[in-house]
Structure formats: C-alpha cells, structure tokens
Amino acid sequence: MTELFALLRHSLAGLRVLLAATVVCGIAYPLAVTGIAQGVLPWRAEGSLVTAAGAHTTDPGAAVGSVLLGQRSSDAGFFVPRPSAAGDDGYDPLSTSGSNLGPESSELVADIRARRAEVAEREGVRPDQVPADAVTASASGLDPDISPAYAALQVPRVARAAGLPTAQVAALVTEHTDGRSLGVLGSGHVNVLLLNLAVREAAGG
Amino acid sequence: MSAVLAAVLQVLLLVLLLALVVPLLGRYLAHLFTAPTHLRFERATYRLLRVDPDADQHWRSYAFSVLGFSLVSVLFLFVFGRVQQWLPLDIGMSALPADGAWNTAVSFATNTNWQWYSGEAAIGHLMQMAGLAVQNFVSAGVGLAVAAAFARGLARTSAGGRVGNFWSDLVRVVLRLLLPASFVAALVLVALGVVQNLSGPRGVTTLDGGTQQVTGGPVASQEAIKEIGTNGGGFYNANSSHPFENPTALSNLLEIFLLLVIPFAMAWAFGVIVRDRRQGGAVMAVMGSLWLVSVGLLTWAELAGHGTAPSLAGAAMEGKETRFGEAASALFAASTTATSTGSVNAMHDSLTAPGGGVAIVNMLLGEVAPGGVGAGLYGMLMLAVVTVFLAGLMVGRTPEYLGHKIGQREIVVVALYILTMPVLVLAGVAIGLTAPAGLAGLQESGSHGLSEALYAVASASNNNGSAFAGLATGTPFWNTLLGLCMLLGRFVPIVLVLALAGRFAAQHRVPVGAGTLPTHRPLFVILLSGVTVIVVGLTFVPVLALGPIAESLS
C-alpha cells in the first residue's frame, strides 16, 4: 500500500515534469527550429523543390519534383531510376519502403531475373552488363540516384530518343556525377531528376 | 579509390571525430551528474513543478521516480495516439488502434522506438513532435539518469543507499545537453537537405506528367534527437534511408556520429565520476573494440555480397541507397544495433545473411558496445561485475569492484539482470513462433523466417527498435507481445541496476589488497570482452545456429 502511494506521488511529479517537457521539447523546440530553418534555409526546409528550368523553388505548384526524391520516368528520352518498392507503382512518398526481401528469397531472385532481362532489352545490352542498382529496389523506395554505371548504360538509348549526340549526353552524365563525399563517404551517384532536366534542356525543352 | 579503402577511411574519420569530442563531452556529462549547484532557470523550473532537486534519493525512491515518470509517459502517449485525429496538425490521420497505441506508447517511453506503423500514413505532425519526439528527449534522459545513479553508487561508500536525485539528473541532461545539441544538429541537418515545415503532403506534377505527393513535417528537429538520444524512430517509414531524413553521405556520417557520441562519452564520464579515469578508459576500450569488430564484419559481409540474391544482382544493393552504397550502410547498421538506436539507412531484412547475423548479435550482446545512452554504460558495468566475480572464483578471493565487495546479495541482483533479456528473447520468440497469430506475420519461411522473429523480439527486448521489416507486426498479437518485451526489457533491468547501485552506496569501502583484480589493465579489458561475448554465445548459439548461421551456410 505504501509502495502504491509512493508510486502515485512520484507519478504526479512525473506528470508535471512531462507536461513541462512537452511544452519545451515538443512545442517550443520544433517551432524554433522550423522558424529559423524557414527563415534561413527555406528551400531545404520545404523539400529542395526545383522547377522545370532547374531553378530552386518552395512552391510545389511550380515544381517538377524534389532533387532529393526519385520519381518515375516512363519517357524513353529520360534516364530511368532504380526499381522502387514504395507503393504499388513505386516512388510514392506516402508509402516509403524497401522490399524487405531476404538474401535467399525466391521472390527477390525472380524479381532480379525479370528486371535484368527488362533492362537489357530496354537498353539493348547483354544481361550481364546490367549493374546491381538497376535490378535491386532501394531502401526508401525514393532513391533519387543511380550509379554512374547504370547512367552510362542508359546514355545511347536516351541520346537516341532525345535526338542528341551520344557524346553530349555522356558529358551531361559526367557533369551530374558526384563522387564519394570528402573522397571516402558513401558511394558515387548520379541524380536522375537533375540529369533528366539537363537532357530536356539540351534537347530544346 | 577502392571501395574497401574508402570503407576503412570512413571509419577512421568517424573514430577521429569521436576521439576529439568524447573526452570533452564525457567531462561535461560527469559535471552535469555531480555538480551540486543548479542554474537559475533550473531552480525556477523546479519551483514551478514543485519537485525537490536537492533530496539525495535512496535507490528505492529514485526507482519510484523513474517508474512513476515512465508510467505517466506511457499513459500520456497512449491517450495522445487515441485522440490525435482531434488535435491540430493531424494532417488527416485517424486514431491509432488500441493495441497500436499501447505498442507505440511503450515503444517511445522505453527508448525503443519500435514502429509497427508507417509514419507518413499513421502519425500526425503534433503527435510526432509533441508526443513521440518529447519521449525521444526524456526517455534518453531516463537512461542517462539511471547510468549516472549507478556510477554515483559505485563512487560512494557508506552513503546509506543514496544514489542522487532523479529530477535534477533528468532536467539537467535534457536542458543542458540534449536540447541545445539537438537544436544545432537539426539546423545542420536542414542545411544538408532534411525538411523542416508543418505542411502535409503536397502534390507536384512530375517530369513525365504524373503526380507525386511531397511529404512535409518537422523532420530535422526530430531526426536530431532521434540519433542523439539513441532512439531511432523514423519520422517516415523508410527511417534514415529516406532522403528527407538523411539526404547525403555527409548527413549520414553526422547521424552515425550523433548516435555513438553520448554512449562512448558516458564511459568517459563514468571514469570521472568514480575519480579514476583509467576505469572509464577500460570500459571504453571494451566498447570500442567490440563495436569495431562488428563494423568490420558487417562491412565485409555487405561488400562481399554472398548469398543467392546478392550474387545474382552483382552486389548486395537490395534495400540500400545509391548515395550510401554498401560500406556506409554497413557502418550505419553496425552502429545502430550496437547502440540501442534502431534507426536504419538500409533495410536490415535485405542485408546479407552474415551481415544480418552481426546486427542480431549486436543486439543480443545486450547493446553494450557502446549501447544506448546510459543503458549501454550500466549494461557494460553489470558485465564488469560478472567479470570481477568470475575472476574472483578463479583465484579464490572475494571479488570486489572499485572498492565494493561483490557478495552473495550483489551477485544475485546481477544474475537476475543478466538473465532478464535472454528469458524475454527466447520466451518471446518461442511464443511468437508457436502462436498461429505470430506465425501469420512471417514474410519468409525457413531460417530467414526464424531470423525475422528473432530480430523483432531481440530488438524489442533490448529496446533497439530496428527490424527485419518483412515481419508484419502491426497486429494485435505482435503489438501486445513486443510491447511487453519492451516494457520488461527496459524497467526490470533498471530496477535491478538501481538496487545494486543502492547496495554499493551503502557498503563500507574495501581497501585495495594483494588479491584485488585491477580493473583498468588490458587483462581486464580482454576478460570483460570475453565475458560479454561468452555470456551471449552460450545463451543464444542454438537459436543463432538455426537462424542467421544456417542461412549463411546454405
């Protein structure tokens, strides 16, 4: 009985501390960060949106997407992103996810085989030339990047469809390729949306 | 540069950053937990809240404060989840189901951040920031407070079982460390690309004419404390693999740094509090070497990419982001499971079999290398007591640690502590795999299916929160079972830790004698590492053999 009473007494003190923490850490703190972020870094805070001309914007109505979020591209004149498990059609920010299939999963093995055949046919290459990121779904389902190898694989097809010289598209890929940060962090990658915007601009809109 | 060299150099860079910050932060933490004076605004806070920050609490009173505070935290969060649809910034979300609200309330109040739901589909902004993120601060504070109480218990003798004041520990660590650190980290994250707004999803017309809903939310402010407090609950379902939570390789390194820095610094703080820095150094050496081994193994596993699907694809890139690649994903996976964080930048279910095995073993070690904020330190110190006891048995002397005798009563408390987690894990897995409602959640059959269930229960019982997410756990069965694992896995050990702290603080000091095992020498570091691995090894080898080991060999 005395234990219960002690627990109750400590819980009431705990409730007062929790309410104070809610005001300070749960309301004041995130609002302060939001205020400063919106004031100083509005483009980042609003999701790194870009217009069709590649300009930064904070207005979703004027944007073609976020440079941080991958998006589906079905047009043959565009570079294709990685497979995505986010939502039924992929690249759905309301349903972010990887496939969560394990390394011995027969479903994953079948997916990889099918994707390899599909990419090889689309790009007109041998199946063994298709890189790993082209046949695997990313963790978020929103991966904005592809590997430099997958970008290089798509250059001839994109150049053909966009009516551009292969060398020019290859140069655009090089221009949009980022190496490892600080030389050692992460992996080399190419931002698909920015690359596609550059291709479209080069092709005359 | 080759991928292997880059992988090694990124670890070196991280170690260098930690080496620069940990001693300073460790000293600061020790100061927070021992300074007798309060800051002016803290005194005002205590007066307003009518709590006494100066009472030197007996361990029982301290434990009641921890339990009372956590109890109201669970209730508050449960109610929040049930009524979020009526609150501002709900962005159209509905009430959580009762079992889901229970699971989430326990999950965040225990520093676990296990998530049965998908953030962007289930939780409104107000619940994220004023419900979940608040627990990210205070549950981290609870862990740190308990570790501080244990360190003070070890530093004191003849103190009548008094271990300090919970309220001042909690308030100080939140106001003087977690809040300012999160504030700075959040703004850096925004600069790197993490979003910070109060908007719901907004449609943009994409390049091929489709519509994509760009999600918003106060993400950076939550991301910062999620890593700093080793919480791990993602704002979005994809957690730190989401480009809006972790946009670049730089933000990735920052997040890994943040989730490791306080756990390591607590080992340093421990040395300062017990007035013998070499003791903190020995604990840190054990933590650091076990962490490095797990990083090495996991990085090797992912870069080698063994297994049917990775071999077929050409690399283990399923469930990984291009900007991170295998090495930065492996470093994150090892660090998030070696602490109690549980945030992920790659989907652990799709890790190679040995890689996933390392993640599971990291959690089953009890998350002590370096472990969660506070929890890692007291877990490792419990193992240190076991080590001293075993060494005492070997040479036939009465074991003692830092001038405290390890008698029968003390070792019973430690034994109960050591047994709690394995009992929860093994019984939990057994229940999960015998009940039809549990089996229904498995995505895959055979050893990988077992690994999914083992991972879930180990993650919950150790308050980690990461998952082999193929397991469908948003069911009343799994929500209830894992909720119980999280609750018992958090508070049974905490009560035992405080009880031992109280016993130590009540003892008379045992003078150092010829039979005293020095606990700061390399020999002790090796012994403690061995005990950490062997205690786990003997307990979990059978289930590991049937799960990840069998899958690795298949």
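FYI, it's all coordinate maths here, none of it is from the lab. These numbers come from a predicted model, not from an experiment. We place every Cβ from the backbone using ideal geometry, glycine too, and count neighbours over all the protein chains shown.
Here is how the numbers come out for the structure above:
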| quantity | calculated |
| --- | --- |
| For chain B: Kirkwood Rh in Å [reciprocal of mean 1/r, alpha carbons] | 23.5 |
| Region A:46-74 and region B:204-228: distance between their alpha carbon centers, rounded to Å | 12 |
| For B:Gly164, distant residues with modelled amide H under 5 Å away | B:Gln57 |
| Between helix B:219-228 and chain B: long-axis angle, C-alpha atoms, 0 to 90°, nearest 10 | 30 |
| Projected-area mean, region B:21-178, by convex hull of Cα positions, square nanometres | 10.8 |
| Label-point separation, B:Ala415 to B:Leu390 (7 Å along Cα→Cβ), nm | 1.6 |
| Neighbour-count order for A:Phe5, B:Phe183, B:Phe69, fewest beta carbons within 10 angstrom listed first | A:Phe5, B:Phe183, B:Phe69 |
| Highest-fluctuation residue, A:Ile36, A:Ile27, A:Ile112 considered, GNM on chain A with Cα pairs under 10 Å | A:Ile27 |
| Estimated vicinal HN-Hα couplings, Hz - region B:261-274 in sequence order (Karplus 6.51, -1.76, 1.60; Gly, Pro = x) | 5, 5, x, 5, 5, 5, 5, 5, 4, 4, x, 5, 5, 8 |
| Residue exposure sequence - A:Val109, B:Val286, A:Val119, B:Val83 - by fewest surrounding Cβ within 10 Å | B:Val83, A:Val109, A:Val119, B:Val286 |
| Relative intensity, log₁₀ I(q)/I(0), of region B:225-310 from a Debye sum that treats every alpha carbon as a point, q = 0.15, 0.24 Å⁻¹ | -0.77, -1.14 |
| Inter-label distance for B:Arg40 and B:Ala427, nm, one decimal - labels placed 7 Å from Cα along Cα-to-Cβ | 5.3 |
| Built amide H within the under 5 Å cut-off of B:Gly203, gap 5+ | B:Val214 |
| Region B:395-456 pair-distance distribution - Cα-Cα, 5 Å bins, rounded % | 4, 15, 18, 14, 9, 8, 8, 9, 8, 7, 2 |
| Cα-based convex hull volume of region B:281-438 per residue, rounded to whole Å³ | 154 |
| B:Leu292-B:Leu12 pseudo-label distance in nm [points 7 Å out on the Cα-to-Cβ vector] | 1.3 |
| For B:445-455, mean number of other protein chain Cβ atoms within 10 Å | 1 |
| Distribution of pairwise C-alpha distances over region A:71-202, 5 Å bins, in % | 2, 11, 19, 22, 22, 15, 8, 2, 0 |
| For region A:165-172, Karplus couplings with θ = phi - 60° (6.51, -1.76, 1.60), whole Hz, Gly/Pro x | x, 4, 4, 5, 5, 4, 5, 5 |
| Rounded tilt (10° steps) of B:408-434 against the dominant C-alpha axis of chain B | 20 |
| For the protein assembly as shown, average projected area of the Cα convex hull in nm² | 30.6 |
| Hz values of 3J(HN,Hα) by residue in region B:201-214 - Karplus curve (6.51, -1.76, 1.60), Gly and Pro given as x | x, 10, x, 10, 8, 7, 4, 9, x, x, 10, 10, 8, 8 |
| For A:176-183, mean number of other protein chain Cβ atoms within 10 Å | 5 |
| Helical contribution to [θ] at 222 nm, DSSP H n ≥ 4, -39,500 (n - 2.57), averaged over chain B, rounded to 500 | -21000 deg cm²/dmol |
| Long-range amide H partners of B:Lys405 with built H, under 5 Å | B:Val510 |
| Fewest-first ranking of B:Tyr28, B:Tyr378, using other Cβ atoms within 10 Å as the exposure measure | B:Tyr28, B:Tyr378 |
| Quotient of C-alpha Rg and 2.2 N^0.38 Å, computed over region B:428-541 | 1.48 |
| Residue-averaged beta-carbon neighbours from other chains (10 angstrom radius) around A:53-65 | 3 |
